[in-house]
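The block underneath contains the structure these notes are about, expressed in structure tokens.
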Amino acid sequence: MTKTAGNQLQVFDILAQSVRNEGVDTCFALLGDANMNWGTRLSESGCRMIYVRHEHCAAAAAMAYTRKSGDVGVATVTCGPGLTQIMTALPAAVRARLPLVIFAGEAPLKSAWYNQAIDQRPFVEATGSAYHSLHLPARMPEQIRDAFLQARRERRPVVVGVPFDLQNLPWQGPEALPEPSRDLMPDVAPLAANPDDVARAAELISRSQRIVVMAGLGAVEAGAGEACRTLAEKCDGLLAATLPARGIFHDDPFSLNVAGGFSSTIAFECFGEADLVIAVGASLAHHNAAGGKLWPKAQVLQIDVEPLVVSQGRKAADHHMRADARLGVEALVEAVSKRPTDWRSAELANKIKTLPADDEVFEIEAGVHDPREAVRHLEAHLPADWEMVNSSGHCSYFFAHMPSRPQEKFLTIREFGAIGNGTSFAMGVAAARPDTPVVMFDGDGSLLMHIQELETMQRHGMKILIVVFNDGAYGSEIHKLRADGLSDAGGVFGKPDFAAIAKGFGLQGATVTDLAQIPDLIESFSASEGVTVWDVPVSDKVVNPVIRRAHPPR
């Protein structure tokens, strides 16, 4: 254990060791007065520190890291303004059910006045996150353990505040650390379905004609993919996935890909015929059902360890089975009879494979690309084993329709609807998958929000390809304003030269004037080191169907 001059341990030494005792080997950080001594000790203990340029990016990168690693994500920011900078990331992590521990420090207790002092708890708790104030040094190691335990059990962020004058005190307690949270977590078997529930669900299935088995992240985590495929086949049904789980059935000919507002034309058509949707490990959010428009005639059977009645303002399900996603579906597979093939026809499989996700016709001006065509080229040429990250905003609809990409290689976190997260998510994935190139898809407005992180990526040796669809505007906003017959001037900014910006950071940059360039550009990036930015000019006339449905022209 590292000690300061005079061989005296400080409280921040014990705090750093307490975090390391939780198995933490990666921390996303921006240092300031309230966390820099602790952060330095954490680094010296062998923890990999990813030093970002903005506090939001530390928390958001930890979100992507925990989704890809399956462990608690850790970040640190200083108190006061450092903490307030993460107020967008926290509710996003809460809604995505991502366990994080964020060490934020607090203003010194000894000071009658401190410039950056703020009551941090109300800010944090307003986001749905938990806040732990650590004010008694003797209990701090146990409180650090408890923060990790809460994050693991409740699957949400826990922010830890420790006044930095207390951190700098000599440590007076024992050097032995408490048992880590991982060892305290209940080791229990997954929940099997009640036979009566299985019988009722099987009877419901027998009365239904058009069935869609829809998997969410609960199905991914439980390893329920194969069971869902088998159930759909026995029921002559189709498959689909919620947006975060998209790709779980990427190689199945009867997979409709995304279920929700991002659904393709053929998916909307098939869901419109369905009379039963079996939701497996899905939270049945508003967007998942396209606000009730996706399956207007279908009843919903939810299989989940925490069944829902109402979700985000609407009735979530009509029937329920409380069970682990995999065990619940496997029980249904055994309980239902295989029915003759009708819906799962060769004709339908061909439509799913060949029809574009969106076939609306737009007039594309010279010198720019149809974003849908650009995505088709990316889908055709990007290597299958590279990691993909979809940001948010108008263009994210188009990127979601890369049907060959498996869920484990395609990250989507957009539960709070915020743009500006792409760079952070890419860094989190790169930290979790350091040996695999990462491709991040983003829009120009979103990328510019945290363009400074290009330097962070390069400094930490991350191999990231950023593909930016550049329409010179905030896409969702201009399309909504135009649909409402209003001026779009407040959402149009002009097209930055992202290739030149990349080169200004010492990176590789290219402007994709011809989509035929993409194979050569991929080869060039593959052979290079570090970060590359592709500026893809796209038409601002192409409106994704989510916007068209929600904001039809007046």
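The values are calculated or read from the model by the stated rules, or taken from the named source; none is laboratory data. Everything numeric here is computed off the predicted structure, so don't read it as measured data. Please note: Cβ atoms are built from the backbone with ideal geometry, for glycine as well, and neighbour counts cover all protein chains shown. The area values use the complete protein model at the heavy-atom level, side chains included, leaving out ligands, DNA and RNA. Shrake-Rupley method; radii C 1.70, N 1.55, O 1.52, S 1.80 Å.
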Largest-first ellipsoid semi-axes for the chain, taking √(5λ) over the Cα gyration tensor eigenvalues, angstrom: 41, 31, 20
Relative contact order %, the chain, counting alpha carbon pairs below 8 Å whose residues are six or more apart: 12 percent
Farthest toward positive dipole pole in the chain [+1 Lys/Arg, -1 Asp/Glu at C-beta], among Phe123, Gln517, Val467: Phe123
As computed over the range 372-418, the Cα convex hull volume per residue (Å³): 67 Å³
Å² per residue, accessible surface of the range 322-461 at 1.4 Å: 40 Å²
Peptides 347-353, 183-189 ordered by average Cβ neighbours within 10 Å, highest first: 347-353, 183-189
Highest-first arrangement of 449-458, 95-104, where packing means the average Cβ count within 10 Å: 95-104, 449-458
Apportionment of accessible area to carbon and sulfur, the chain, percent (1.4 Å): 51 percent
Flagged links, alpha-carbon separation over 22 Å, of Lys68/Lys503; Lys293/Lys315; Lys293/Lys480: Lys68/Lys503
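Would you kindly calculate the translational diffusion coefficient of the range 39-128, applying Stokes-Einstein with the Kirkwood radius from alpha carbon pairs, for 25 °C and a viscosity of 0.890 mPa s, and quote it in µm² s⁻¹ without decimals?
Calculated translational D: 177 µm²/s.
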Equivalent-ellipsoid semi-axes of the range 487-553, from the Cα gyration tensor, Å, largest first: 30, 16, 10
log₁₀ of I(q)/I(0) at q = 0.10, 0.12, 0.19 Å⁻¹ - the range 1-154, Debye sum with one point per alpha carbon: -0.32, -0.46, -1.25
For the range 4-49 versus the range 224-292, the gap between their alpha-carbon centres in whole angstrom: 45 Å
Arg155 paired with Lys338, simple spin-label distance in nm, labels 7 Å along Cα-to-beta-carbon: 3.3 nm
Solvent-accessible area per residue, Å², over the range 478-554 with all protein chains present [probe radius 1.4 Å]: 50 Å²
Given charges at Cβ of Lys, Arg, Asp, Glu: the chain dipole, positive-most of Gly261, Leu204, Gly443: Leu204
Rounded to 5, the percent of DSSP beta bridges in the chain classed as antiparallel: 5 percent
Shape call, the range 218-365: gyration tensor on alpha carbons, a/c limit 1.5: oblate
Solvent exposure of the range 111-222 as accessible area per residue, Å², 1.4 Å probe: 51 Å²
CD proxy at 222 nm, helix term only [per DSSP H run n ≥ 4: -39500 (n - 2.57); per residue of the chain; nearest 500]: -10000 deg cm²/dmol
